[in-house]
Amino acid sequence: MKKHELIFDERYVGSVAVNHVSKFYGEDMEVKALDNLSLQLFTGQFVVILGASGSGKSTLLNVIGGMDTVSAGEINFAGVDITQLPDKVYAQYRREVVGFIFQFYNLMPNLTALENVELAELPGEMLAIDALKAVGLEDKADNFPSELSGGEQQRVAIARALVKNPKILLCDEPTGALDSKTGKKIIKLLMDMNKDKDKIIVVVTHNSAIAEVADRVLKISDGKIVSDVTQKFPKDIKDIEL
Ligand SMILES: Nc1ncnc2c1ncn2[C@@H]1O[C@H](COP(=O)(O)OP(=O)(O)OP(=O)(O)O)[C@@H](O)[C@H]1O
Ligand SMILES: [Mg+2]
């Protein structure tokens, strides 16, 4: 049995719907990180989110990924409002459905590349060593993060997300700490993860050049979506300059 069937109805696994979600911070809830935001994300799309610092990009990824709660609204995945899930199932959603990639990789420093990926292994899915092979790092399996370049560390982080074959892959500034050539390789690798068009991939970035290769570009300002453009003919990654 596929893991998602344990909790979610396979027939509805195609999209995520963010419905009127708000997220407030501060004693008097004066900071509106997300302001009545609605958005639907579809399987197969490579989505780029652009927005100024503080506009709510990370908050949006975090609430979709189940890493943060909402103040109001709902987030539907496969016909289920994930904001209402009991703790155990919510944890299962985070572990099995969502893959997260961060700007600074977030690897465990005292574990090797292989061991970092093994942390995310799930029964019935890919093996950690095969995920490392997929990102071209099998030769560095026994290296610790401190013995890897930034791009290699990010590839380990991608392998860690890839190994669980997530339906939703959320990437927060995945190339923010990398030089432009390495950044391009990382974006290519992320796009390659969706060859089967079976995932939702969302990349948050400050770099508007990355948006040129996306299927869809969202702009966010003050916690609201201010632009949502579908690109029928996105550029090829080799033709952009990061
Ligand atoms: N834990 C928190 N406590 C209080 N305010 C927060 C918290 N997290 C985020 N905020 C506020 O919410 C708003 C949105 O923050 P968020 O991190 O989502 O922005 P961002 O678009 O990801 O910015 P950046 O591009 O700098 O990463 C900001 O005003 C921020 O200061
Ligand atoms: Mg952020």
| request: Determine which member of the set Gln103, Gln92, Gln45 is of a type in the set (S, T, N, Q), within 30 Å of Gln153 (Cβ to Cβ), at pLDDT below 95 and within 14 Å of ligand 2 (Cβ to nearest atom). | output: Gln103
| All but one of (1) crowded, with 20+ Cβ neighbours inside 10 Å; (2) in contact with a Ser or Thr (Cβ under 7 Å, 6 or more places away or on another chain); (3) part of a loop (DSSP other than H, G, I, E, B) hold for Asp198; which doesn't? | (1)
| Has the stretch 172-181 got at least one residue that is under 27 Å from Leu127 (Cβ atoms), small (Gly, Ala, Ser), in contact with a helix residue (DSSP H, G or I) (Cβ under 9 Å, 6 or more places away or on another chain) and part of a loop (DSSP other than H, G, I, E, B)? | no
| request: For the stretch 218-234, name all the residues that are part of a strand (DSSP E or B), of a type outside the set (A, V, I, L, M) and closer than 17 Å to Phe46 by Cα. | output: Lys219, Ser227, Asp228, Thr230
| query | Under the condition of being among the basic types (Lys, Arg) and within 16 Å of ligand 1 (Cβ to nearest atom), which residue from the stretch 185-224 is nearest to Leu137 (Cα to Cα)? | reply | Lys219
| message | Of the residues Leu34, Leu61, only one is crowded, with 19+ Cβ neighbours inside 10 Å, aliphatic (A, V, I, L, M), at pLDDT 95 or above and under 27 Å from Pro234 (Cα atoms); which? | response | Leu61
| request: Hey, could you check the stretch 202-234 for residues that are of a type in the set (S, T, N, Q) and touching a Lys or Arg at 6+ places or on another chain (Cβ under 9 Å) and say which is nearest to ligand 2 (Cβ to nearest atom)? | output: Thr205
| query | Are there any strands (runs of 3 or more DSSP E) wholly within the stretch 20-83 with 1 or more residues that are within 23 Å of Ala214 (Cβ to Cβ) and in contact with an Asp or Glu (Cβ under 6 Å, 6 or more places away or on another chain), and if so which? | reply | 46-50
| remark: Sole miss for Lys164 among (1) under 21 Å from Val13 (Cβ atoms); (2) out of contact with any strand residue (DSSP E or B) (no Cβ under 7 Å at 6 or more places or on another chain); (3) part of a loop (DSSP other than H, G, I, E, B) is condition (2)
| Residue among Gln84, Gln154 that is in contact with a strand residue (DSSP E or B) (Cβ under 8 Å, 6 or more places away or on another chain), modelled with pLDDT of 90 or more and surrounded by fewer than 16 Cβ atoms within 10 Å (Cβ to Cβ) | Gln84
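The values are calculated or read from the model by the stated rules, or taken from the named source; none is laboratory data. Just so it is clear, the structure is predicted and the values come from calculations on it, not from any experiment. Positions of Cβ are backbone-derived with ideal geometry, glycine not excepted, and every protein chain shown enters the neighbour counts.
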